[in-house]
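Here the structure comes first, spelled out in structure tokens, and everything after it is commentary.
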Amino acid sequence: MDKIIIRGGNRLSGTVPVSGAKNAALTLLPCALLTDEPVTLRNLPRLADIDGFQHLLNQFGVSTSIAGARPEDFGRVMTLQATRLTSTVAPYDLVRKMRASILVLGPLLARAGEATVSLPGGCAIGNRPIDLHLKALEAFGAQIELAAGYVRASAPDGGLPGGDYSFPIVSVGATENALMAAVLARGTSTLHNAAREPEIVDLCNLLVAMGAQIEGIGTSDLTIHGVNRLHGATYMVMPDRIEAGSYACAAAITGGDITLAGARAEDMAATIQALRDAGVLVEPVRGGLRVASDGALRPVTLSTAPYPGLATDMQAQLMAMLCLANGSSVLTETIFENRYMHVPELNRMGAHIETKGRTAIVHGVRKLNGAEVMATDLRASMSLVIAGLAAEGESQVHRLYHLDRGYERLEEKFALLGADVERVGGD
Ligand code: EPZ
């Protein structure tokens, strides 16, 4: 397994390109199932999860082709075509490796009237149930059966009638599955307390480009008028607001000055506010965002929340940055029940963090020390890299496959910014 060796202390500087958003791409890819015409996605990030999703779609008979990617390019163009589905089963051995596979449930049901998808199971950050996905689809007229670790969904003859569903809690994935099921329903559907993340807006924009009729895009109340068929489209994946925020934290903790090329400030207002509260300069510049710090960081109180609140996917990275703040910060993780696995590893690097339930108190320390650390989940891994960039001495982050799921060629990007990082294989 690969690991990354970081020699800390360099102030990051320069410009880094922001890749297409992983969490947008993972809901745009299954839209290809909704039509027999080609769907072309531009600015797709080169990530393990995208490759995994492509392989899953191939299982259903979806043809996929990659165009115009030179080795040095970031991002790729992929054309997908589901001319005819040869299967509607998402098997356990694929779903267990990538829980976002559950996002084929709604589109398969909409296109083929049936879907059999392995239950994704939990992951490091929580047990990640899918009950809200199933309740929304049932509200739209689907019949749901659970057996042998699989969920089997079927639509009445002639397709889903559509219906109304109010989410008891905000769920990104359940909103996405419900949207992709409703666009081909026979009638009109409504969703209330739907997720409003920018990735949901990206999904709605692609569906509309394919001929779907959706009202309330960007709000928590969506109305979807089902249509008989959807056509192909070409669509640019939005920039990754979490990747951008992660590099911003790396610039801040090293006292650097970087430009995030392609970052969209309007997607990341809560993260920008958190950085500014911590004393970091964040200003829109032509085509991106400038992030600079003199290294003096102020403690802050932060709580994650559904969009437009602070993204839970930014919690670990901000925590790493705040390890060197002049004082104690208080972070509250309201979305997932076990998203502090980076804490013991950060403390091994000399941080002073106490956790109690969903709350973490980050007592600022004068310095961090390089150490060998273990990645546990995607965003926790990035928090260890961020800490290593500022730590004295050398750090080694093991189990890089976690990072490769969500950060495109991160060692090359950090090298672009002047970090002393090296990827080595086979430990
Ligand atoms: C998406 O996960 C993202 N993944 C996550 O990013 C992100 O952390 C999360 O949204 C919240 O923003 C992708 O988009 C591929 P949820 P998702 O459904 O859809 C509970 C990353 O690091 N819940 O909004 O699975 C759930 O347990 C990943 O890129 C139910 O109870 O998140 C959680 O507590 C990690 N029942 C809360 O809702 C359900 O049926 C929010 O989960 C569904 C969710």
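The values are calculated or read from the model by the stated rules, or taken from the named source; none is laboratory data. All figures in this text were calculated on a predicted structure; none of them were measured in a lab. With ideal geometry, Cβ positions are generated from the backbone for all residues, glycine too; neighbour counts draw on all protein chains shown. SASA here: full protein model, heavy atoms, side chains in, ligands and nucleic acids out. Shrake-Rupley method; radii C 1.70, N 1.55, O 1.52, S 1.80 Å.
Residues being more than 29 Å from Glu411 (Cβ to Cβ) and aliphatic (A, V, I, L, M): count how many of those fall in the stretch 54-79.
Adding up the residues that qualify gives 1.
I'm told Ala195 meets every condition in (1) of a type in the set (A, V, I, L, M); (2) assigned to a loop (DSSP other than H, G, I, E, B); (3) open to solvent by 60 Å² or more (accessible area, probe 1.4 Å) except one. Can you identify the failing condition by its number?
Single failed check for Ala195: (3).
Looking at Leu33, is it within 15 Å of the ligand (Cβ to nearest atom) and assigned to a helix (DSSP H, G or I)?
Judged against the criteria, Leu33 is not a match.
Could you look through the stretch 298-313, keep only residues that are surrounded by 18 or more Cβ atoms within 10 Å (Cβ to Cβ) and in contact (Cβ under 8 Å) with a residue 40 or more places away in the chain, and pick out the one that is farthest from the ligand (Cβ to nearest atom)?
Within the stretch 298-313, the match that is farthest from the ligand (Cβ to nearest atom) is Pro299.
Of everything in the stretch 279-297 that's open to solvent by 70 Å² or more (accessible area, probe 1.4 Å) and not in a strand (DSSP E or B), which residue is farthest from the ligand (Cβ to nearest atom)?
By that ranking, first place goes to Asp294.
Within the stretch 47-73, how many residues are within 16 Å of the ligand (Cβ to nearest atom), of a type outside the set (A, V, I, L, M) and under 26 Å from Leu416 (Cα atoms)?
Residues meeting the conditions: 2.
Between a first residue in the stretch 206-231 that is under 26 Å from Ile169 (Cα atoms) and a second residue that is charged (D, E, K, R) and open to solvent by 60 Å² or more (accessible area, probe 1.4 Å), which pairs have beta carbons less than 6 Å apart while being 6 or more apart in sequence or on different chains?
Close Cβ pairs (under 6 Å, with a partner that is charged (D, E, K, R) and open to solvent by 60 Å² or more (accessible area, probe 1.4 Å)) amount to Ser220/Arg196; Thr223/Glu215; Gly226/Arg186.
Could you check, for the stretch 3-18, whether at least one of its residues is within 16 Å of the ligand (Cβ to nearest atom), open to solvent by 10 Å² or more (accessible area, probe 1.4 Å) and not in a helix (DSSP H, G or I)?
Checking the stretch 3-18: at least one residue is within 16 Å of the ligand (Cβ to nearest atom), open to solvent by 10 Å² or more (accessible area, probe 1.4 Å) and not in a helix (DSSP H, G or I).
List every residue pair whose Cβ atoms lie under 7 Å apart, where the two residues are 6 or more positions apart in sequence or sit on different chains, the first residue falls within the stretch 172-190 and is free of Cβ contacts under 8 Å to residues at least 60 places away in the same chain and of a type in the set (Ser, Thr, Tyr), and the second residue, located anywhere, is assigned to a helix (DSSP H, G or I) and within 16 Å of the ligand (Cβ to nearest atom).
Filtered contacts from the stretch 172-190: Thr175/Ile200.
Is it the case that Ala316 is under 18 Å from the mean Cα position of the chain (by Cα), open to solvent by less than 20 Å² (accessible area, probe 1.4 Å), within 16 Å of the ligand (Cβ to nearest atom) and at pLDDT 95 or above?
The answer is yes for Ala316.
Pairs only if they're at least six apart or on different chains, beta carbon under 8 angstrom, first in the stretch 121-135 and in contact (Cβ under 8 Å) with a residue 40 or more places away in the chain, second near the ligand (Cβ under 6 Å from one of its atoms) and part of a helix (DSSP H, G or I); list them, first residue then second.
Pairs found: Ile130/Gly173; Ile130/Ala174; Leu132/Ala174; His133/Gly173; His133/Ala174.
For residues that are of a type in the set (Ser, Thr, Tyr) and in a helix (DSSP H, G or I), scanning just the stretch 227-269, find the one that is farthest from the chain's Cα centre (by Cα).
Among those that are of a type in the set (Ser, Thr, Tyr) and in a helix (DSSP H, G or I), it is Tyr247.
Step by step: first the residues of the stretch 101-136, then only those that are assigned to a strand (DSSP E or B) and buried (at least 22 other Cβ atoms within 10 Å of the Cβ), then the one that is nearest to the ligand (Cβ to nearest atom). Which residue is that?
Step by step, filter the stretch 101-136, then rank; the result is Val117.
Kindly indicate whether Thr15 is among the β-branched types (Val, Ile, Thr), touching a strand residue (DSSP E or B) at 6+ places or on another chain (Cβ under 8 Å) and over 28 Å from Ala115 (Cα atoms).
Answer is yes for this residue.
Conditions: (1) within 21 Å of Ala110 (Cβ to Cβ); (2) surrounded by fewer than 16 Cβ atoms within 10 Å (Cβ to Cβ); (3) not small (Gly, Ala, Ser). Glu266 meets all but one. Number of the miss?
Status for Glu266: all satisfied but (1).
Going by what's in this entry, would Arg276 be described as open to solvent by 20 Å² or more (accessible area, probe 1.4 Å) and away from the ligand (no atom under 15 Å from the Cβ)?
Judged against the criteria, Arg276 is a match.
Looking only at the stretch 137-150, how many residues end up being among the hydrophobic types (A, V, I, L, M, F, W, C), in a loop (DSSP other than H, G, I, E, B) and in contact with a strand residue (DSSP E or B) (Cβ under 8 Å, 6 or more places away or on another chain)?
Looking only at that region, the number is 2.
Output the number of the condition that Val208 fails; it satisfies all remaining conditions of (1) open to solvent by less than 30 Å² (accessible area, probe 1.4 Å); (2) in a helix (DSSP H, G or I).
For Val208, the failing item is (1).
Of the residues in the stretch 319-337, how many are open to solvent by 10 Å² or more (accessible area, probe 1.4 Å) and small (Gly, Ala, Ser)?
2
Can you give me the number of residues within the stretch 167-202 that are more than 10 Å from the ligand (Cβ to nearest atom) and either under 15 Å from Met238 (Cα atoms) or out of contact with any strand residue (DSSP E or B) (no Cβ under 9 Å at 6 or more places or on another chain) (or both)?
The total comes to 7.
Under 6 Å between Cβ atoms, at least 6 apart or on separate chains: pull out the pairs that start in the stretch 74-100 with a residue that is closer than 28 Å to Asp240 by Cβ and end on any residue that is aliphatic (A, V, I, L, M) and surrounded by fewer than 17 Cβ atoms within 10 Å (Cβ to Cβ).
Partner pairs satisfying both residue conditions: Arg76/Ile66; Arg76/Ala69; Val77/Ala67; Met78/Ile66.
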